[in-house]
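Report on the structure given below.
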Amino acid sequence: MTTIRRTREDVVPEIRDVFRRHGYDGTSLSAISEATGLGRASLYHHFPGGKDEMVSAALDDVEAMVDRRIIATLRQRNRRPVSRLKAMSAELMVFHAGGKAACLCGILALTAPDLQPRVQKIFGRWLDALADLAEETGRSRTQSRRAAEDTLARIEGALILAAAQADTRFFQRALNDLPRILFSQAKGDGIR
């Protein structure tokens, strides 16, 4: 019988997905062991800090993805703003399995108060990148920030609704609506 050695990096995506499905409190070492195929001793070898270190590694993985595949895409100034937003949507479609996989940051914001400062920073950088993109199209900074908040709220809300209704069309439709939300000059937008 051949033993396959798995590195810490090999198992982090599986651990991330367990936390996505069960939240912080609902995730057990048994569930992580089952998902990764590693026993407790192997899990503690890779993550001596236990569950807290595992969730931190999962959040590191998400943060790296957001920086590399979302924020970097939004900041590619050699592409038109709408093209960058559509590219971000395509990345989100893959990362969230077409709307079937929850947002780990959203789940941890609700279930792991100790991680909330990190989650807030991740969402903050994403909001900044979206607001900068909207501002490139002529919106004021205030209008751009509000449009960025509406855009991110639409994404996160659609993921929740897709899960609650077992229907990914909510997420797909939300992603299709993002250019209108981020770039439209709605009446009454701005400071009164």
Quiz item: Given the residues ALA72, ALA41, which is the only one that is aliphatic (A, V, I, L, M) and modelled with pLDDT under 95?
Solution: ALA41
Quiz item: Does GLN116 qualify as being open to solvent by 50 Å² or more (accessible area, probe 1.4 Å) and either touching a Gly at 6+ places or on another chain (Cβ under 9 Å) or outside any helix (DSSP H, G or I) (or both)?
Solution: no
Quiz prompt | Residues that are open to solvent by 60 Å² or more (accessible area, probe 1.4 Å) and either among the small types (Gly, Ala, Ser) or touching a Pro at 6+ places or on another chain (Cβ under 8 Å) (or both), drawn from region 121-136 | solution = GLU136
Quiz item: Give me the pairs: first residue in region 78-94 and touching a residue at least 60 places away in the same chain (Cβ under 8 Å) and polar (S, T, N, Q), second residue surrounded by 14 or more Cβ atoms within 10 Å (Cβ to Cβ) and not in a loop (DSSP other than H, G, I, E, B), beta-carbon distance under 7 Å, and six or more apart or on different chains, which are they?
Solution: SER89/LEU175; SER89/LEU178
Quiz item: For region 16-64, how many residues meet the condition of being crowded, with 20+ Cβ neighbours inside 10 Å, of a type in the set (Phe, Trp, Tyr) and in a helix (DSSP H, G or I)?
Solution: 1
Practice problem: State whether one or more residues within region 122-140 are farther than 20 Å from ILE71 by Cα and of a type in the set (A, V, I, L, M, F, W, C). | Solution: no
Quiz item: Does ARG80 fit the bill of being under 20 Å from LEU127 (Cα atoms), of a type in the set (Lys, Arg) and out of contact with any strand residue (DSSP E or B) (no Cβ under 6 Å at 6 or more places or on another chain)?
Solution: yes
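The values are calculated or read from the model by the stated rules, or taken from the named source; none is laboratory data. These figures come from a predicted structure and were not determined experimentally. For neighbour counting, all protein chains shown are included, and Cβ atoms are generated from backbone atoms with ideal geometry for every residue, glycine included. In case anyone asks, the SASA skips ligands and DNA or RNA and just uses the protein heavy atoms, side chains included. Shrake-Rupley method; radii C 1.70, N 1.55, O 1.52, S 1.80 Å.
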